[in-house]
Each structure stands twice: as C-alpha cells, then as structure tokens.
Amino acid sequence: MSFYELYSFQNYSFEIRNIKFLVSKTKLMKQIKNIILKFPQIYLYYKKLTYIFLAFSSGTKEKNIFQEASTTEYDRHPDLFNFLKSRYSDKQIKILSFGCSSGEECISLNKYLPNASILGVDINKKSLAKAEKINSNKNIIYKYCEPKDIYNLGEFDVVLAISVLCKHPEAEYLNNLSKIYPFKRYEDMVHKLDSVVKQEGLLIIRSSNYIFSDTKTSNNYQLIKNNNARKSKAFPKFNSQGLKKTDYFENKEIFKKNIT
Ligand SMILES: C[S@@+](CC[C@H](N)C(=O)[O-])C[C@H]1O[C@@H](n2cnc3c(N)ncnc32)[C@H](O)[C@@H]1O
C-alpha cells in the first residue's frame with residue numbers, strides 16, 4: 001500500500017469513527033433526554049445544584065445568575081457581528097458584552113470591529129480568569145460584574161446580551177418558568193442594561209426566555225431590522241406571567257434607544 005493510499009485509508013477510517021462517535025453521541029443524548037423527560041424534577045434539582053455551586057465559587061447570590069452554563073464559541077453570531085460591522089465599520093465605538101463567558105464573543109467582536117473598545121462582563125470568575133489569561137488585546141477588557149454593579153460600567157454604543165437572559169435547557173422542560181426565573185428578574189435586568197445604553201445606541205438580546213417588548217423598558221426602543229439575519233430559530237419563550245408560549249420564533253433582537 002502506497003503512502004497516499006495508507007493516508008487516505010486512515011483518513012477514511014478516522015471519518016467513519018467520527019461519524020460512529022457522533023451517531024452514538026446523538027443516540028446517547030436522545031436517551032438522556034428521554035430520561036430527563038420522565039424525571040424532569042430530578043434534572044431540575046441537579047441544575048439547581050450547579051447554580052448553587054457557581055454562586056458559591058463566584059461569591060455571589062444564586063438569584064444574580066441568569067444562564068449558568070458558560071458555553072460559547074468563536075464567531076458564534078456572524079449575522080449580528082456583520083450587522084454591527086456594516087453599521088459602525090472602523091468607528092471607535094464602545095461595546096458591552098454582558099455574559100462574555102471565557103471571552104470568545106469579545107475576541108470575535110474585535111475581529112469585526114477592530115477599533116471598538118470592548119468590555120466583557122460576567123458573573124463566573126473562572127470563565128473570566130480564562131478570558132484574561134489569553135487576552136493581550138488592549139481594546140478588550142474583562143470585569144466581574146453583579147447586576148447591581150451595571151450602573152458603574154459607563155455608557156455604551158452597543159450592549160449585547162446573548163444566551164444570558166435564559167435558563168437553558170431547563171426552560172424546555174417547564175410550562176411555567178416563574179418558579180426558577182420570574183419575569184421580574186428579566187425586566188429588572190433589562191432595565192439595568194438600558195441604563196448603560198447611549199441615546200441612539202443598540203441593545204441586542206438573543207436567546208432569552210422572555211420577550212423584550214413585554215418590558216416597560218422597550219417603550220424607549222425601536223426595533224431594527226437586520227436584512228441579513230440568520231433564519232429565525234425556535235427558542236422557549238414565556239409571557240410576563242411566566243407561562244410558555246407556543247411556536248415563538250426569535251426574530252426581534254436588535255433595538256435602538258430612542259427617547260424623545
Ligand atoms: C451561555 S454563556 C453565553 C456566552 C456568550 N454570550 C455567547 O453567546 O457565546 C452565558 C454566560 O452568561 C453568564 N451570566 C449569567 N448570569 C450573569 C450575570 N448576572 N451577569 C453577567 N454574566 C452572567 C454566565 O456566567 C455565562 O458565562
């Protein structure tokens with residue numbers, strides 16, 4: 001067998017192994033999901049423990065934490081980042097990434113908007129330490145921040161809250177979210193975020209369990225259309241009483257502050 005044949009054979013078997021792994025992983029995930037659906041209470045207790053642990057390790061209160069999981073990735077939201085690039089190009093704007101996790105969102109934003117000053121805040125000290133460890137960019141700063149400290153962060157042209165104002169995946173298994181995440185907590189947080197958005201600035205909220213237009217704060221904003229937005233995705237949404245809505249697709253995400 002020639003080197004090339006051996007190489008492509010190895011690649012081929014590597015891919016087969018990968019596909020097998022993915023299939024068995026998907027099967028396993030399905031089985032886990034089935035078990036969860038049978039015993040959602042047990043899963044919710046398990047999730048509760050993860051919140052208690054994060055609150056303890058970050059020295060904060062559990063009620064200050066929205067989404068606990070720190071899942072993130074580079075260039076996770078190209079449609080939003082491209083929108084910001086087309087709007088601000090090389091302007092020296094200020095951006096707040098609320099719930100920046102380990103920094104991939106801030107680094108990606110910097111690639112699209114190299115002249116922007118980016119502040120990433122999070123409630124998870126471990127994620128922030130990871131973000132700081134790899135940061136050598138003078139345009140990106142990270143900070144630990146509890147909801148009450150938002151007022152001290154300054155003012156921003158753009159505030160992003162992506163995959164933060166939610167309880168994922170718990171919300172998928174609940175018809176009433178109020179017990180673990182009441183609407184008021186969302187509304188108060190949105191109000192705090194509004195306080196740091198400049199006049200004419202943007203507030204961008206993606207993957208949240210509540211709907212921005214249900215808040216009083218939304219009266220100060222107008223919806224902005226992103227012509228190149230990604231295909232709207234189903235995401236569990238709840239009304240202001242905490243009751244699940246059916247068939248809600250998320251497509252209202254960019255809001256411009258417009259107080260007259
Ligand atoms: C799923 S990650 C989202 C990361 C990033 N925004 C993205 O979309 O890739 C959610 C992050 O929100 C953070 N978070 C939860 N509650 C927060 C709060 N009150 N203030 C700041 N960050 C918070 C979590 O610690 C976690 O890092």
Practice item. List every residue pair whose Cβ atoms sit under 6 Å apart, with the two residues 6 or more apart in sequence or on different chains, where the first one lies in region 204-217 and is at positive phi and the second, anywhere, is surrounded by fewer than 19 Cβ atoms within 10 Å (Cβ to Cβ) and charged (D, E, K, R). Key: none
Revision key, fill the gap. Selection from region 23-48 of residues in contact with a helix residue (DSSP H, G or I) (Cβ under 9 Å, 6 or more places away or on another chain) and modelled with pLDDT of 80 or more yields Ile42, Tyr43, Leu44, Lys47, Lys48
Review point. Pairs, please: C-beta under 8 Å, at least 6 apart or cross-chain, first residue within 13 Å of Cys145 (Cβ to Cβ) and of a type in the set (Asp, Glu) and in region 118-133, second more than 10 Å from the ligand (Cβ to nearest atom) and in a strand (DSSP E or B)?
Key: Asp122/Tyr142
Practice item. May I ask you to verify whether Phe81 is over 27 Å from Tyr173 (Cβ atoms), crowded, with 16+ Cβ neighbours inside 10 Å and within 12 Å of the ligand (Cβ to nearest atom)? Key: yes
Check your understanding: Given the conditions (1) under 16 Å from the mean Cα position of the chain (by Cα); (2) more than 16 Å from the ligand (Cβ to nearest atom); (3) not small (Gly, Ala, Ser), which single one is not true for Lys216?
Key -> (1)
**Study point:** Options Thr60, Thr50, Thr71: the member that is over 17 Å from the mean Cα position of the chain (by Cα), among the β-branched types (Val, Ile, Thr) and near the ligand (Cβ under 10 Å from one of its atoms)
**Key:** Thr60
**Study point:** Only listed residue being at pLDDT below 95 and not small (Gly, Ala, Ser), chosen from Lys85, Lys91, Lys20, Lys61
**Key:** Lys20
**Study point:** Matching residues in region 134-158 - criterion: being within 14 Å of the ligand (Cβ to nearest atom) and either more than 19 Å from the chain's Cα centre (by Cα) or at pLDDT below 95 (or both)
**Key:** Lys148, Asp149, Tyr151, Asn152, Leu153
Check your understanding: Name the residues in region 96-133 that are within 6 Å of the ligand (Cβ to nearest atom) and over 23 Å from Lys85 (Cβ atoms), would you?
Key -> Asp122, Ile123, Asn124, Ser127
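The values are calculated or read from the model by the stated rules, or taken from the named source; none is laboratory data. Owing to the predicted nature of the structure, the values given are computational and were not obtained by experimental measurement. For neighbour counting, all protein chains shown are included, and Cβ atoms are generated from backbone atoms with ideal geometry for every residue, glycine included.
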